[in-house]
Structures are given as structure tokens and as C-alpha cells.
Amino acid sequence: MMILGLVKWMQPVHGYDVRRELLSWGADKWANVQPGSIYHALRKLGEEGLLREVATEQVGVRPARTTYEITPKGVDEFETLLRDLWWGNHQTNDPFMAAFAFLPALPRPEAAAALRSRGQVLRAGVESMRASMASAWIRDSKPAGVSWTYELWIAKGEAEADWCERVADRIEAGVPYLPEGLAGRDDWHLGEGQASHNQS
């Protein structure tokens with residue numbers, strides 16, 4: 001959807017410019033768009049009739065650049081995908097939640113320390129986004145939706161960082177992990193030698 005939308009917006013456009021624009025948005029971090037897959041995706045969308053190649057040109061010894069436009073079929077597909085994402089409630093998969101499901105497996109001091117560390121990383125990301133929002137790069141060269149997206153990320157980052165701190169406080173205070181009837185199962189933490197290794 002991202003590639004179709006950018007071609008629709010920027011057409012006629014080289015694959016290089018699509019890649020550069022996506023990277024400038026940080027889409028590799030939040031939209032599962034990997035830089036190395038963009039050219040392959042453009043070709044595949046062309047094979048499916050969603051994009052068409054307008055021209056291929058080569059300047060000097062540089063690799064040939066293909067210019068793309070979106071087809072009517074591509075416009076229909078883009079609008080379908082776009083509306084599905086707007087109106088649907090799609091939850092992202094965060095691997096951390098799988099780890100958190102096994103909270104009792106970590107020694108309490110380590111669990112609290114890991115949560116506090118996660119909170120610090122999130123707050124650092126929030127400060128980075130605040131700096132980006134204040135920059136001319138966002139203010140002068142991006143649509144308003146980009147800065148509004150940063151506002152959403154900042155709000156989510158701050159909320160999760162606050163949650164990490166609250167839960168770490170509860171863990172350190174000794175709040176039981178399980179209801180009283182299941183309390184006997186609240187003792188299966190990792191051994192010291194295993195604590196620093198990923199578990200499958």
C-alpha cells in the first residue's frame with residue numbers, strides 16, 4: 001500500500017525516489033517496508049498490472065532507472081487497502097508482549113530493571129521525535145500528516161514508558177503475580193545462568 005500510494009502521489013517517479021522518500025519517513029521502522037525489497041516490490045506490482053513502466057533511462061555508468069506510474073487497477077487496489085487500514089482495527093505484533101506473558105519466569109529485580117530500561121529507551125525515542133518535529137525537515141518539506149503521525153508516536157511512547165515505570169514499581173513492591181488460589185505456581189523463574197539468554 002505504501003509503495004502504491006507514493007507512486008500515485010509522486011508519479012512519474014523513479015524507484016530510487018520512492019525508496020528515498022520511504023526511508024525519509026522512517027517507514028522501514030513502522031510500516032514493515034524494507035529498503036532492499038522496494039525495487040522488487042515495484043517490479044512485482046508492475047507484473048500484477050498495478051503499476052506501469054513509463055521509461056527506463058541510464059546516465060553515464062549509473063544503473064538504469066525505471067520510471068513508474070500507477071494504473072487504474074493500481075488506484076483501485078490502493079484505495080481498497082487504504083480504506084481497510086483506516087476503518088479496520090489492526091493490532092501490531094510486539095514480540096515484547098510474548099516475553100511479558102512469562103513475567104514470573106524472570107527474577108523480580110531483573111524484570112523491574114528490564115522494564116525501566118525499556119522505559120528509558122522509549123523516552124529517548126520520544127525526545128528524538130520531538131526534535132524531528134521541530135526541524136525544518138518536517139516543517140518545510142513534509143505534509144502535515146507526517147508531524148501528526150509523530151504526535152501519535154510520541155503519545156504512545158510516553159504512555160508505554162509511564163506503564164513500564166508503574167509495573168516496575170509494582171514488581172519491586174512485591175505485588176503478587178497470580179491470584180491467591182494459584183500462588184503456589186508463582187516461583188518458576190529462570191536460573192542465574194539462563195537469565196541473560198533468549199528462551200524459545
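The values are calculated or read from the model by the stated rules, or taken from the named source; none is laboratory data. Values in this document were obtained by computation on a predicted structure and should not be read as measured data. For neighbour counting, all protein chains shown are included, and Cβ atoms are generated from backbone atoms with ideal geometry for every residue, glycine included. With ligands, DNA and RNA removed, areas are computed over all heavy atoms of the protein, side chains included. Shrake-Rupley method; radii C 1.70, N 1.55, O 1.52, S 1.80 Å.
Values as computed for the structure displayed
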item: Check on Thr56, open to solvent by 60 Å² or more (accessible area, probe 1.4 Å), β-branched (Val, Ile, Thr) and at pLDDT below 80; result: yes
item: Test: Asp140 is among the charged types (D, E, K, R), closer than 22 Å to Asp17 by Cα and without any contact (Cβ under 8 Å) to a residue 40 or more places away in the chain; result: yes
item: Members of segment 96-141 that are open to solvent by 60 Å² or more (accessible area, probe 1.4 Å), in a helix (DSSP H, G or I) and more than 26 Å from Pro176 (Cβ to Cβ); result: Gln120, Val121, Arg123, Ala124, Glu127, Ser128, Arg130, Ala131, Trp137, Arg139, Asp140, Ser141
item: Top-ranked residue of segment 62-90 - restricted to ones that are part of a loop (DSSP other than H, G, I, E, B) and farther than 22 Å from Arg43 by Cβ, ranked as most open to solvent (accessible area, probe 1.4 Å); result: Asn89
